[in-house]
């Protein structure tokens, strides 16, 4: 269902671009009709029904204005049926103009073929054949029913023998040239739209593959956490039993080592709990209601306590009245970015947090060597790292994709005077969304 929705959205975007392209071509058609009428009426001297032909031009102008605003409206849904209707109206308008100016004897009658070609490029096969049938029917009608035009004015004496044939030949050449230019222009632009659509589809496929990779890693981590739960519990029981043995209780050094082992074991159990929380299997049991400013400050304090960095410049500009639900996943994302900056710059990192509109922005800076150009070009892709160890590059990959799924984004840049910065943007609603539900 989701893939179908994405495909439909891409098709709607392509239809909007194609409608805008039709608008452009129709403006060219309107300009060409006005120029042709003026040349034929006032220079060649062939009388034309200017009032009726002018009404057709005004109709095309009105149709174009409506189509333009439709293509630019953010909420408008442009369907293939709408494009089909627009092309039918173009065929009808051209047919009326040809009826008023000689019917099938008018060399510009081949412009009906242009409409059929446009339909073949833009529309599904069924609608394309219907449009071709309509254009063909109009051509047949124009061979039998039309208003003939006569040669008059100063041009007629210049025709001589075969003059009418020569005039028709010139008109046919102009019609061919106009049709060729319109088709090349149109097909070129449509090919550009198709390339944009294919590129968008390729990006969506890549995104889908990355998200599937995240799901697989999440399942692997969750499964590993479940499997580790039993042996960790067994070790905890054994260590507690050892702590009660008289022989060991008399040995201070052994008691100290048992305490360290218990602390390490509790650390392992805490890591397993965090993995399960991140997988959504224990979320809600440890729900805490807090403020946005307090949440960020708590994460920074936790990281400083566990990592003991020499210097951290932390600045926050966040109101104290924004209530949120503390989120283990976001906490882990921030800790991950802090760790990356600390590895690149062990002596100093900078953390800035601010509220910009409805978005939380956290910028983490360091004074390291900065990102390599290939890392910046592939920022957020898995296994993009300069670290020579297995699994490197997955941290930022997870950060980018988790933020993207929550409606946010992560960007990286090298700073002008050395070092690098990673900016995390997250809608505050992604943190506050569960507060009311838990409160209720």
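The values are calculated or read from the model by the stated rules, or taken from the named source; none is laboratory data. Quantities reported herein were computed from a predicted structural model and do not represent experimental measurements. Note that each Cβ is placed from the backbone with ideal geometry, even for glycine, and that neighbours are counted across all protein chains shown.
The figures follow:
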read-out	value
Candidate set from segment 105-120 (those that are buried (at least 18 other Cβ atoms within 10 Å of the Cβ) and over 30 Å from residue 44 (Cα atoms)); member that is farthest from the chain's Cα centre (by Cα)	116
Members of segment 105-140 that are under 12 Å from residue 80 (Cβ atoms) and outside any helix (DSSP H, G or I)	123, 124
Lone qualifier among 347, 304 - being in a loop (DSSP other than H, G, I, E, B) and at pLDDT 90 or above	347
Only listed residue being at pLDDT 90 or above and within 26 Å of residue 328 (Cα to Cα), chosen from 381, 405, 367, 409	409
Segment 308-331, subset touching a helix residue (DSSP H, G or I) at 6+ places or on another chain (Cβ under 6 Å) and in a helix (DSSP H, G or I), residue modelled with the highest pLDDT	331
Filter pass, residue 274 being loosely packed, with under 12 Cβ neighbours inside 10 Å and at pLDDT below 80	no
Flag for residue 371 being under 22 Å from residue 402 (Cα atoms), more than 28 Å from the chain's Cα centre (by Cα) and surrounded by 19 or more Cβ atoms within 10 Å (Cβ to Cβ)	no
Any hit, segment 88-104, residues being outside any helix (DSSP H, G or I), surrounded by 15 or more Cβ atoms within 10 Å (Cβ to Cβ), at pLDDT below 85 and at positive phi	yes
Among the residues listed as 247, 264, the single one being modelled with pLDDT under 80, surrounded by fewer than 16 Cβ atoms within 10 Å (Cβ to Cβ), assigned to a helix (DSSP H, G or I) and out of contact with any strand residue (DSSP E or B) (no Cβ under 7 Å at 6 or more places or on another chain)	247
Members of segment 66-85 that are touching a helix residue (DSSP H, G or I) at 6+ places or on another chain (Cβ under 6 Å) and either crowded, with 16+ Cβ neighbours inside 10 Å or in a helix (DSSP H, G or I) (or both)	67, 68, 71, 78, 83, 84
Every residue from segment 63-78 that is closer than 11 Å to residue 27 by Cα and free of Cβ contacts under 8 Å to residues at least 24 places away in the same chain	65
Residues satisfying the stated conditions in segment 36-65, i.e. surrounded by 15 or more Cβ atoms within 10 Å (Cβ to Cβ) and within 29 Å of the chain's Cα centre (by Cα)	64
Residue tally, condition closer than 18 Å to residue 270 by Cα and over 28 Å from the mean Cα position of the chain (by Cα), over segment 305-327	4
